[in-house]
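Visitor: Could you have a look at this structure, given as structure tokens, before my questions?
The values are calculated or read from the model by the stated rules, or taken from the named source; none is laboratory data. From a predicted model like this one, the values you see are computed outputs, not experimental measurements. Please note: Cβ atoms are built from the backbone with ideal geometry, for glycine as well, and neighbour counts cover all protein chains shown. Please note that ligands, DNA and RNA were not included when accessible areas were found on the heavy atoms of the full protein model with its side chains. Shrake-Rupley method; radii C 1.70, N 1.55, O 1.52, S 1.80 Å.
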Amino acid sequence: MQNLHIFGEQKKTDWVIFENLEKVESKTFTEEGSAIRLNSGKYRKLKAISSVDPDVLYSTCKQFLPLNELEVLNKWEPSWGKVREDILNSKVELWNQCMHESACQYAPEVVSTKAYWKSVQQHIWFCTSSSELKEDIRTCFMLDFYITVQKEGRTKQSNLTRSWLSPINVQEEDLQELVLYTANAAMEKLDARPFPSGSYALILGPLAAPGIFHEVVGHGLEADIASIPQSAFHQRLGAMVGCEKVTIIDDPTKKGLPGSYSLDDEGTIAQQTTLIEKGRVVNYLSHLHTGHPTNGHGRVINYQHLPLVRMSNTFLLPGADDPEEMVSDTEVGLYVKKAINGDVNMITGEFEIHVAEGYLIEKGQITSPILPTTLKGDGQKLLQSIDRVGNDFAIHSEVRGGCGKLGQSPLPVSAGSPTVRVLDWYVKGADR
């Protein structure tokens with residue numbers, strides 16, 4: 001008998017976009033479907049249909065499954081109703097108005113705001129020929145807020161994201177803090193100056209480091225990637241790859257983040273997994289088909305795909321170092337406030353990451369904002385070059401996009417990190 005899995009999902013995604021005070025777009029997307037997954041050793045096959053109805057599923061299955069294997073469908077009784085509610089209501093309009101007005105009051109240079117509000121509600125079901133029906137409800141409420149400023153013909157923009165379990169968890173203090181941070185970042189860009197290429201000490205802030213470690217370290221620690229002989233972490237279990245201050249985990253159990261879930265898409269209970277502990281590789285992320293014991297990281301972007309090993313919420317844990325002391329102890333360097341994806345090879349860990357917001361460090365002081373620059377290197381060297389890890393942990397939530405791998409994109413994820421200092425790193429400066 002084949003190893004038979006049945007996966008089903010119903011998903012509702014709501015979008016509301018404001019430009020200043022005007023609602024310019026409002027959309028609702030719904031998805032519903034199920035998949036029969038046939039597993040025989042390394043051989044995996046999938047049949048997907050756009051329904052979770054037991055009768056429709058039975059009609060599909062009986063066309064290619066032996067009669068004795070159809071018994072699994074006796075367990076298939078999915079029922080919706082726990083999460084299908086309207087989330088983006090008039091309260092969002094009030095929040096948006098308050099944020100826009102606060103931004104305009106911050107400085108006369110503020111010319112516009114833009115807000116992307118997103119609500120995701122997903123219900124999944126899973127069963128096998130040897131297990132009962134399991135289910136998971138995943139909800140997340142997210143905001144991506146932009147502020148644009150103008151001065152003497154120069155236009156600059158900055159943004160910041162936040163996520164909550166639901167609108168009930170939103171505090172107006174959170175929104176005001178987001179406005180102030182974004183407005184300040186946009187204003188500082190107006191005075192940005194060129195930055196010469198060269199090797200510098202880097203201080204990666206808690207909004208820059210998370211995405212970098214997700215891209216250049218996290219993917220390499222996914223078991224299917226690590227199984228490739230040319231990959232950065234191939235057969236590296238137990239190896240010391242960084243300083244003892246570096247501990248990296250992946251935790252899908254933390255509620256209210258885009259990458260959170262209680263049950264992965266193969267029916268495995270989610271669990272926090274330590275990948276690097278005090279600088280040493282101790283585990284890989286895995287699912288049922290990697291040759292490693294699964295730790296609940298088999299994920300799909302929707303029911304039409306086979307599960308891949310994927311990150312969820314990937315965190316570099318906080319250390320004991322004071323971020324202000326990191327700066328004061330750095331004679332010359334670059335403070336990276338925010339970074340965005342560039343070109344990353346998830347197998348080797350080689351990368352070019354773009355610095356969206358950065359500042360010179362001169363004689364132990366953060367001074368001038370700089371024009372966009374690029375960080376070049378590889379993930380293993382990055383880990384080895386860290387000498388300090390701060391105590392100011394923060395989480396960056398992916399709102400409009402997500403993680404991509406082997407054609408499955410965007411998958412909801414988040415990442416978190418404190419400030420870290422990296423010694424002797426090459427930075428490609430801006431020409432103008």
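Visitor: Can we say SER119 is open to solvent by less than 10 Å² (accessible area, probe 1.4 Å), touching a Cys at 6+ places or on another chain (Cβ under 8 Å) and not charged (D, E, K, R)?
Guide: So SER119 fits the description; yes.
Visitor: Show me the strands (runs of 3 or more DSSP E) found entirely inside the stretch 3-72 where at least 1 residues are open to solvent by 20 Å² or more (accessible area, probe 1.4 Å), under 22 Å from GLU132 (Cβ atoms) and of a type in the set (A, V, I, L, M, F, W, C).
Guide: 43-49
Visitor: Anything in the stretch 268-292 that is closer than 19 Å to PHE7 by Cβ, out of contact with any Leu (no Cβ under 9 Å at 6 or more places or on another chain) and modelled with pLDDT of 95 or more? List them, or say none.
Guide: Hit for the stretch 268-292 is SER286, nothing else.
Visitor: A follow-up question, please. Give the stretch 264-303 a look and list any residue that's in contact with a Pro (Cβ under 9 Å, 6 or more places away or on another chain) and either of a type in the set (Asp, Glu) or over 26 Å from GLN122 (Cβ atoms) (or both), or say none.
Guide: Hits for the stretch 264-303 are ASP264, ASP265, GLU266.
Visitor: Tell me which residues, restricted to the stretch 351-374, are within 20 Å of the chain's Cα centre (by Cα) and not acidic (Asp, Glu).
Guide: Within the stretch 351-374, PHE351, ILE353, HIS354, VAL355, ALA356 meet the criteria.
Visitor: Since GLU324 meets every condition but one in (1) free of Cβ contacts under 8 Å to residues at least 24 places away in the same chain; (2) closer than 27 Å to SER34 by Cβ, which condition does it not meet?
Guide: The one condition GLU324 does not meet is (2).
Results for (1) more than 24 Å from LEU411 (Cα to Cα); (2) of a type in the set (Asp, Glu); (3) out of contact with any Lys or Arg (no Cβ under 6 Å at 6 or more places or on another chain), shown as yes or no for each residue.
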position: GLN230; (1), (2), (3): yes, no, yes
position: PHE233; (1), (2), (3): no, no, yes
position: ARG236; (1), (2), (3): yes, no, yes
position: LYS245; (1), (2), (3): yes, no, yes
position: THR253; (1), (2), (3): no, no, yes
position: GLU266; (1), (2), (3): no, yes, yes
position: GLN272; (1), (2), (3): no, no, yes
position: HIS292; (1), (2), (3): no, no, yes
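Visitor: Something else about it: Within the stretch 191-221, which residues are closer than 13 Å to ALA356 by Cβ and either touching an Asp or Glu at 6+ places or on another chain (Cβ under 7 Å) or outside any loop (DSSP other than H, G, I, E, B) (or both)?
Guide: LEU204, GLY211, ILE212
Visitor: Does the stretch 287-307 contain any residue that is in contact with a helix residue (DSSP H, G or I) (Cβ under 9 Å, 6 or more places away or on another chain) and either over 23 Å from SER40 (Cα atoms) or among the aliphatic types (A, V, I, L, M) (or both)?
Guide: Checked the stretch 287-307: no residue is in contact with a helix residue (DSSP H, G or I) (Cβ under 9 Å, 6 or more places away or on another chain) and either over 23 Å from SER40 (Cα atoms) or among the aliphatic types (A, V, I, L, M) (or both).
Visitor: Could you please find all residues in the stretch 323-351 being open to solvent by less than 60 Å² (accessible area, probe 1.4 Å), of a type outside the set (A, V, I, L, M) and outside any strand (DSSP E or B)?
Guide: Within the stretch 323-351, PRO323, THR330, THR348, GLY349 meet the criteria.
Visitor: Please specify each residue of the stretch 358-392 satisfying the condition of being farther than 25 Å from ILE228 by Cβ and either assigned to a helix (DSSP H, G or I) or in contact with a Ser or Thr (Cβ under 7 Å, 6 or more places away or on another chain) (or both).
Guide: Listed by number, the residues that qualify are GLY358, TYR359, LEU360, ILE361, GLY364, GLY390, ASP392.
Visitor: Would the stretch 413-421 turn up any residue that is surrounded by fewer than 18 Cβ atoms within 10 Å (Cβ to Cβ) and part of a strand (DSSP E or B)?
Guide: For the stretch 413-421, residues surrounded by fewer than 18 Cβ atoms within 10 Å (Cβ to Cβ) and part of a strand (DSSP E or B): absent.
Visitor: Another one. Taking GLU362 as the residue in question, decide whether it is acidic (Asp, Glu) and within 20 Å of PRO258 (Cβ to Cβ).
Guide: Judged against the criteria, GLU362 is not a match.
Visitor: (1) touching a strand residue (DSSP E or B) at 6+ places or on another chain (Cβ under 6 Å); (2) touching a residue at least 12 places away in the same chain (Cβ under 8 Å): which one isn't true of LYS45, the others all being true?
Guide: So the condition that LYS45 fails would be (2).
Visitor: Condition (residue is over 22 Å from GLY401 (Cα atoms), assigned to a helix (DSSP H, G or I) and not acidic (Asp, Glu)) applied to the stretch 170-178: is it met by at least one residue?
Guide: Checked the stretch 170-178: at least one residue is over 22 Å from GLY401 (Cα atoms), assigned to a helix (DSSP H, G or I) and not acidic (Asp, Glu).
Visitor: If a residue must be farther than 16 Å from GLY333 by Cα and open to solvent by less than 10 Å² (accessible area, probe 1.4 Å), how many such residues does the stretch 375-399 contain?
Guide: Number satisfying all stated conditions: 6.
Visitor: Let me ask another. Taking into account only those residues within the stretch 207-223 that are at pLDDT 95 or above and either more than 16 Å from ASP378 (Cβ to Cβ) or open to solvent by 10 Å² or more (accessible area, probe 1.4 Å) (or both), which is farthest from the chain's Cα centre (by Cα)?
Guide: So, considering only residues that are at pLDDT 95 or above and either more than 16 Å from ASP378 (Cβ to Cβ) or open to solvent by 10 Å² or more (accessible area, probe 1.4 Å) (or both), the one farthest from the chain's Cα centre (by Cα) is ALA223.
Visitor: Continuing with this model, one more query. Can you tell me which residues in the stretch 271-301 are over 16 Å from CYS403 (Cβ atoms), open to solvent by 10 Å² or more (accessible area, probe 1.4 Å) and aliphatic (A, V, I, L, M)?
Guide: Passing the criteria: VAL282, LEU288.
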